[in-house]
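The values are calculated or read from the model by the stated rules, or taken from the named source; none is laboratory data. Everything numeric here is computed off the predicted structure, so don't read it as measured data. Please note: Cβ atoms are built from the backbone with ideal geometry, for glycine as well, and neighbour counts cover all protein chains shown. All accessible areas refer to the heavy atoms of the entire protein, side chains included, with ligands and DNA or RNA removed. Shrake-Rupley method; radii C 1.70, N 1.55, O 1.52, S 1.80 Å.
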Amino acid sequence: MSWGTELWDQFDNLEKHTQWGIDILEKYIKFVKERTEIELSYAKQLRNLAKKYQPKKNSKEEEEYRYTACKAFLSTLNEMNDYAGQHEVISENMTSNITVELARYVQELKQERKSYFHDGRKAQQHIEICWKQLESSKRRFERDCKEADRAQQYFEKMDADINVTKADVEKARQQAQVRHQMAEDSKADYSSILQKFNHEQHEYYYTHIPNIFQKIQEMEERRIVRIGESMKTYAEVDRQVIPIIGKCLDEIVKAAESIDQKNDSQLVIEAYKSGFEPPGDIEFEDYTQPMKRTVSDNSLSNFRGEGKPELKFGGKSKGKLWPFIKKNKGATPEDFSNLPPEQRRKKLQQKVDELNKEIQKEMDQRDAITKMKDVYLKNPQMGDPASLDHKLTEVSQNIEKLRLEAQKFEAWLAEVEGRLPARSEQARRQSGMFDAQNPATVNSCAQDRESSPDGSYTEEQSQEGEGKVLATDFDDEFDEEEPLPAIGTCKALYTFEGQNEGTISVAEGETLYVIEEDKGDGWTRIRRNEDEEGYVPTSYVEVYLDKNAKGAKTYI
């Protein structure tokens, strides 16, 4: 089966067929290219989906991922990223192994096809030229034969005419001979060209065209084989990523199986445990006895202010009535004293860890600057050592500030853990319910803090003897707190990102109201508007106090 012998006369159809084959190949390339684009788009959408549900840094969502169910979901999101990566691999491999290779092959195929059909047209042109030469010699031979016949007839006519001179007869005879000779020459030429044409025609139909068509057939068969191999590669590219995709799915199943409901329940306890004891029994008050009674410390009327009697607080642990305890409103205290003991301890420990990390970071930076300065001292051409002194001093000051800050929080942490006595002055500043501080409070601070539904608590004065508080003073504590008055203004020298609870973000050059001066802890309380207030580092603002403002000098 050969195109050269079977399709010797189908040059034009073969040309159309081979062009169609190239069009099919280009169509397949386009198909694979669109598949790669779909894979990339799918991978991008998967990555965006995983990114959308990733926990935001420094947010409440990040804390939620302590739970095993949330960890499993996070693992699923991470595996989705790997899953998306495999679709990107599919796209890359199809592009490099199929699209690029076939595009290069198509260009080579077009050149090869062009070369073969060029040779075929050249052979066609050659045989057409030979045919024209044959036709030309044939017509010339025919013409010369006719001229020779006419010359012979003319000679015979002249020779038979007695009135024609001998010279004219001789001339006619010579002319006839010349024409006969020309006819013989044309005959010989025609015969020679005919033989040559037959030879060329035989070569054309049995040698040149079969060879050219055979090469075209081989080219077309290679194209068919190549597109089949590309289809196999198309399937193999998909098959190669199936094990990895299977691993991704296995990891998702593994993460799901790692969910531990008991562990999550324990984490809830750790997150919300206050450390307080449940409220005790309310004592029975016998109103049948004709005697003067003080209002029970556990009586609901005590908190509702019925009759506003004088109240006494004994050193004995009281029952806690959360619905009637006032919530601590406003900015969160720096020492987290508004939180229950257990939660406060966790917050303080977290703050100490953060400060230690910042200290270590600053120390590493100081070491790096010191090493750079040493390099400058040994190689002055690399830089001026004095140019680093200001930066080195600034880093050292930052380290010192952070250490002081860490010591402060460590002291509070030690107080919560019972390693140091409670600071009565701080307790007095946090609780405005009492006129005097009784030392007994220090020894029973865990019992004397009242818990509220939001996890905050206030200090309760514990006193055995003479310490009495009027009911009117107690009731005043349940009134809505008035906003602290502004005691001046301040201008932000630097931008501060208030990411921690109780702080507020400010922009460089911004003017705000000061509502509480720095008490030596390095923080100033400011307000932007009625709803936005918090603490900023004192070194970040320039304060302008109003000496006539109320409360300008009322701090301890």
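Residue selection: F197 satisfies the criterion of being buried (at least 17 other Cβ atoms within 10 Å of the Cβ), touching a helix residue (DSSP H, G or I) at 6+ places or on another chain (Cβ under 8 Å) and part of a helix (DSSP H, G or I). The condition of being modelled with pLDDT under 85, in contact with a helix residue (DSSP H, G or I) (Cβ under 9 Å, 6 or more places away or on another chain) and open to solvent by less than 40 Å² (accessible area, probe 1.4 Å) holds for only one of Q437, Q426, that being Q426. Only a single criterion out of (1) modelled with pLDDT under 50; (2) open to solvent by less than 90 Å² (accessible area, probe 1.4 Å); (3) among the basic types (K, R) is not satisfied by K408, namely (1).
Is it true that some residue in segment 365-376 is part of a helix (DSSP H, G or I), more than 29 Å from I504 (Cβ to Cβ), open to solvent by 60 Å² or more (accessible area, probe 1.4 Å) and of a type in the set (S, T, N, Q)? No, the conditions are met nowhere in segment 365-376.
When segment 332-364 is filtered for residues that are open to solvent by less than 60 Å² (accessible area, probe 1.4 Å), within 21 Å of N398 (Cβ to Cβ) and at pLDDT 85 or above, the ones remaining, listed by number, are K351, V352, L355, I359, E362, M363. Scanning segment 78-130 for residues that are buried (at least 17 other Cβ atoms within 10 Å of the Cβ), over 23 Å from T233 (Cβ atoms) and over 42 Å from the mean Cα position of the chain (by Cα) yields a count of 7.
Yes or no, residue by residue, for (1) touching a residue at least 60 places away in the same chain (Cβ under 8 Å); (2) closer than 25 Å to K132 by Cα:
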{"position": "K157", "(1), (2)": "no, no"}
{"position": "V164", "(1), (2)": "no, no"}
{"position": "D168", "(1), (2)": "no, no"}
{"position": "V178", "(1), (2)": "no, no"}
{"position": "M182", "(1), (2)": "no, yes"}
{"position": "I216", "(1), (2)": "yes, no"}
{"position": "M219", "(1), (2)": "yes, no"}
{"position": "I224", "(1), (2)": "yes, no"}
{"position": "I227", "(1), (2)": "yes, no"}
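No other residue among F197, F213, F141 is within 29 Å of I127 (Cα to Cα) and touching a Ser or Thr at 6+ places or on another chain (Cβ under 6 Å) apart from F141.
For segment 449-542, the strands (runs of 3 or more DSSP E) that sit wholly inside it and include 1 or more residues that are modelled with pLDDT of 80 or more, open to solvent by less than 20 Å² (accessible area, probe 1.4 Å) and not polar (S, T, N, Q) are 488-492, 511-516, 523-527, 533-537.
Looking across segment 20-64, the residues that are open to solvent by less than 80 Å² (accessible area, probe 1.4 Å) and not in a helix (DSSP H, G or I) come down to Q54, P55, S59. Restricting attention to segment 240-268, the residues that are of a type outside the set (V, I, T) and either open to solvent by 70 Å² or more (accessible area, probe 1.4 Å) or not in a helix (DSSP H, G or I) (or both) add up to 13.
Is it the case that I227 is surrounded by 13 or more Cβ atoms within 10 Å (Cβ to Cβ) and either within 30 Å of K346 (Cα to Cα) or more than 24 Å from the chain's Cα centre (by Cα) (or both)? So I227 fits the description; yes. Is it true that some residue in segment 201-212 is modelled with pLDDT of 85 or more, within 58 Å of the chain's Cα centre (by Cα) and either open to solvent by less than 90 Å² (accessible area, probe 1.4 Å) or not polar (S, T, N, Q) (or both)? The answer is yes, given that some residue of segment 201-212 is modelled with pLDDT of 85 or more, within 58 Å of the chain's Cα centre (by Cα) and either open to solvent by less than 90 Å² (accessible area, probe 1.4 Å) or not polar (S, T, N, Q) (or both).
Scanning segment 1-19 for residues that are of a type in the set (D, E) and loosely packed, with under 11 Cβ neighbours inside 10 Å, we see that the one that is farthest from F117 (Cα to Cα) is D9. Checked against the criterion of being under 22 Å from I242 (Cα atoms), free of Cβ contacts under 8 Å to residues at least 24 places away in the same chain and out of contact with any Asp or Glu (no Cβ under 9 Å at 6 or more places or on another chain), segment 49-70 has no qualifying residue.
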